[in-house]
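Taking it in order: structure first as structure tokens, then the write-up.
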Amino acid sequence: MSVSTNRRIVGAAAVAGLITTGIAAVTTTAVAGPAAAATCNQQSSATKQDISTVGIKYTYSKTVTATAAAGAEVSYTVQFSTNSPGNPYISVISDHAPAGFPKPTVKVTAYHLGLGAQTESVDAFANGTDTWRISNAGWFVDAGNPLTAVFTYKVPSSFAVGQQITSGGVGWAGTVGSSNELPNLTSCFTVRAPNAGEVASGSLDANGFGSSDNGPASGGVIGSWLDQLKGS
């Protein structure tokens, strides 16, 4: 066998080795991606049943939507429930948001005597760094009527696509041993690219059409045009 033939064989073997190594590396990366993503848990829950609850079992949970775009909204659903006899009342819920999140809007669904489950908007107040509190004289809870609060935040525009955002926990205050501070009751979502509707909405906001401060209801840009037409 000639020297040149030997060189060609050695070269081909080396190239084959590089290609094989490359494929192995890509495969490893592809497997590692989903495995890492699995640690981003959307939901967590906890239970409480001790001497303070007088034998009653309480369940607490927090869930977030799987993905959200930077600049769009993301909602955290926190819930308090019981499958035991008793009728505790919850007076305070404190949501510990991810760092840098602005004031949320909040909707609470709770049972009202004679009306059944009702959903209403509730104002949130700052209660320390990245913590927002809602309160009531007492939201009723029993085995058939959990208490649910949905905290909706605008995702900071500085977040990058693919970034995993984990919240803080939730604090509860109420009667019959229901009070509980749960720093590990967290939930995680992944930042995604904005969809077409969110891109369009962002463009409208940037140009003064999407904001409630500039829309027709408040007489903003379009309202000014209508006023001019009326006066002409």
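In segment 86-100 there is at least one residue matching the filter, namely being part of a loop (DSSP other than H, G, I, E, B), under 16 Å from ASN180 (Cα atoms), touching a residue at least 12 places away in the same chain (Cβ under 8 Å) and of a type outside the set (Val, Ile, Thr). Just checking, how many residues over segment 148-180 are closer than 19 Å to THR109 by Cβ and either among the aromatic types (Phe, Trp, Tyr) or over 18 Å from the mean Cα position of the chain (by Cα) (or both)? Total satisfying the criteria: 6.
Here THR152 meets the list (1) within 21 Å of ALA72 (Cβ to Cβ); (2) outside any strand (DSSP E or B); (3) of a type in the set (S, T, N, Q) almost entirely, failing just condition (2).
Among the residues of segment 160-167, is there at least one that is buried (at least 17 other Cβ atoms within 10 Å of the Cβ), modelled with pLDDT of 95 or more and either part of a loop (DSSP other than H, G, I, E, B) or not acidic (Asp, Glu) (or both)? There is at least one residue in segment 160-167 that is buried (at least 17 other Cβ atoms within 10 Å of the Cβ), modelled with pLDDT of 95 or more and either part of a loop (DSSP other than H, G, I, E, B) or not acidic (Asp, Glu) (or both). Pairing residues of segment 171-188 that are under 17 Å from ILE134 (Cα atoms) and assigned to a loop (DSSP other than H, G, I, E, B) with residues that are at pLDDT below 95 and of a type outside the set (Phe, Trp, Tyr), at Cβ distances under 7 Å and at least 6 apart in sequence or on separate chains, gives THR175/PRO88; SER178/PRO88. Among the residues of this structure, GLY114 does not count as one that is touching a residue at least 12 places away in the same chain (Cβ under 8 Å) and part of a loop (DSSP other than H, G, I, E, B). THR119 satisfies every condition listed in (1) surrounded by 12 or more Cβ atoms within 10 Å (Cβ to Cβ); (2) modelled with pLDDT of 95 or more; (3) not charged (D, E, K, R) except (1). If the condition is being under 26 Å from TYR58 (Cβ atoms) and polar (S, T, N, Q), then segment 162-196 contributes THR166, SER167, THR175, SER178, SER179, ASN180, ASN184, THR186, SER187. Residues in segment 72-104 that are within 13 Å of the chain's Cα centre (by Cα) and surrounded by 14 or more Cβ atoms within 10 Å (Cβ to Cβ): 13 in all. Sub-6 Å Cβ pairs linking a first residue in segment 38-55 that is farther than 23 Å from THR67 by Cα to a second residue that is hydrophobic (A, V, I, L, M, F, W, C) and loosely packed, with under 14 Cβ neighbours inside 10 Å, at least 6 apart or interchain, number zero.
Please indicate, with yes or no, whether at least one residue in segment 22-40 is at pLDDT 50 or above and surrounded by 15 or more Cβ atoms within 10 Å (Cβ to Cβ). Checked against the condition, which is being at pLDDT 50 or above and surrounded by 15 or more Cβ atoms within 10 Å (Cβ to Cβ), segment 22-40 yields at least one hit.
The values are calculated or read from the model by the stated rules, or taken from the named source; none is laboratory data. If you're wondering where the values come from, they're calculated on a predicted model, not measured in any experiment. Don't worry about glycine lacking a Cβ; one is built from the backbone with ideal geometry, like all the others, and counts go over all protein chains shown.
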